[in-house]
1. Of the conditions (1) surrounded by fewer than 20 Cβ atoms within 10 Å (Cβ to Cβ); (2) in contact with a strand residue (DSSP E or B) (Cβ under 6 Å, 6 or more places away or on another chain), Thr163 fails just one. Which one is it?
2. Considering only residues of the range 110-137 that are in contact with a Lys or Arg (Cβ under 7 Å, 6 or more places away or on another chain) and closer than 19 Å to Glu157 by Cβ, which is surrounded by the fewest Cβ atoms within 10 Å (Cβ to Cβ)?
3. Looking at Lys184, Lys148, Lys169, Lys153, which is the one that is under 17 Å from the mean Cα position of the chain (by Cα), over 23 Å from Phe16 (Cβ atoms) and open to solvent by 20 Å² or more (accessible area, probe 1.4 Å)?
4. Identify all residues within the range 177-198 that are without any contact (Cβ under 8 Å) to a residue 24 or more places away in the chain and of a type in the set (Val, Ile, Thr); write none if there are none.
5. Are there any pairs, at least 6 apart or on different chains, whose C-beta atoms fall under 8 Å, with the first in the range 30-48 and without any contact (Cβ under 8 Å) to a residue 60 or more places away in the chain and the second among the basic types (Lys, Arg), and if so, which?
6. Scanning for something at pLDDT 95 or above, among the basic types (Lys, Arg) and in a loop (DSSP other than H, G, I, E, B), does the range 122-136 turn up at least one residue?
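The values are calculated or read from the model by the stated rules, or taken from the named source; none is laboratory data. Because the structure is a prediction, the values reported are computed rather than measured. Glycine also receives a Cβ, built like all others from the backbone with ideal geometry; neighbour counts cover every protein chain displayed. Accessible surface areas use protein heavy atoms only, side chains included; no ligands, DNA or RNA. Shrake-Rupley method; radii C 1.70, N 1.55, O 1.52, S 1.80 Å.
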Amino acid sequence: MALTREQLAQRVSQEFQDGFYVNLGIGIPTLAANYIPDDMEVMLQSENGLLGMGPFPTEDEVDADLINAGKQTVTMATGAALFDSAESFAMIRGGHVDLTVLGAFEVDVQGNIASYMIPGKLIKGMGGAMDLVAGADNIIVVMTHASKHGDSKLLKECTLPLTGKGCIKRVLTDLALLDIEDGKFILRERAPGVSVEDIAALTEGELVIPDNVPEMQL
């Protein structure tokens with residue numbers, strides 16, 4: 001069974017390490033803020049000028065002036081700091097973010113990512129993704145494995161305009177966790193109840209399948 005949005009956020013939060021500064025992209029990645037272990041200190045950065053983003057607020061905690069880059073209301077963790085977007089992007093461009101989690105439309109075997117536009121459709125702009133993929137070494141893409149039409153989003157070559165080239169090394173989908181190495185997808189984990197054959201059928205790019213592919217632990 002494919003992972004839900006919440007399960008994807010829960011699994012990607014397992015990539016966090018104590019003391020990490022983490023940027024969460026718009027969409028599914030932002031949900032990971034709700035799954036940081038209590039015994040782990042992770043500072044979440046939002047490119048609109050917040051370091052130390054907390055979980056999404058309850059109805060009683062909502063402050064309309066406190067938002068993330070996706071214009072969702074958020075809370076502030078203990079020790080959080082507010083600053084302007086210029087300083088925020090200096091952190092990103094200076095390589096001070098330990099982990100970046102992004103959504104995407106497509107990823108290919110060369111580590112290219114297309115995440116900001118579909119030609120002919122209304123777009124708001126590239127946002128901070130271009131800086132994030134250029135300034136971060138440790139990037140995880142979180143997305144569905146296939147489009148709503150059943151077409152693979154893990155490709156031999158991206159068909160949409162690129163956000164960044166050769167920058168993606170790990171992809172978490174609703175079916176699998178994969179690494180990108182030497183022009184190939186390497187299957188590392190599979191979603192509970194999903195077979196290796198299911199994953200292979202929906203992966204257009206070359207896929208390497210190790211002898212033992214464990215189920216994800218959520």
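1. Exception for Thr163: condition (1).
2. Out of the qualifying residues, it is Gly111.
3. Sole residue among the options that is under 17 Å from the mean Cα position of the chain (by Cα), over 23 Å from Phe16 (Cβ atoms) and open to solvent by 20 Å² or more (accessible area, probe 1.4 Å): Lys153.
4. Within the range 177-198, just Val196 meets the criteria.
5. Listed by first residue and then by second, the contacts come to Leu31/Arg5.
6. no
Okay, residues lined up against (1) within 24 Å of Ser115 (Cβ to Cβ); (2) among the acidic types (Asp, Glu); (3) in contact with an Asp or Glu (Cβ under 7 Å, 6 or more places away or on another chain); (4) at pLDDT 90 or above:
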{"site": "Gly27", "(1), (2), (3), (4)": "yes, no, no, no"}
{"site": "Thr30", "(1), (2), (3), (4)": "yes, no, no, no"}
{"site": "Glu47", "(1), (2), (3), (4)": "yes, yes, no, no"}
{"site": "Phe56", "(1), (2), (3), (4)": "yes, no, no, no"}
{"site": "Lys71", "(1), (2), (3), (4)": "yes, no, no, no"}
{"site": "Ala81", "(1), (2), (3), (4)": "no, no, no, yes"}
{"site": "Met91", "(1), (2), (3), (4)": "yes, no, no, yes"}
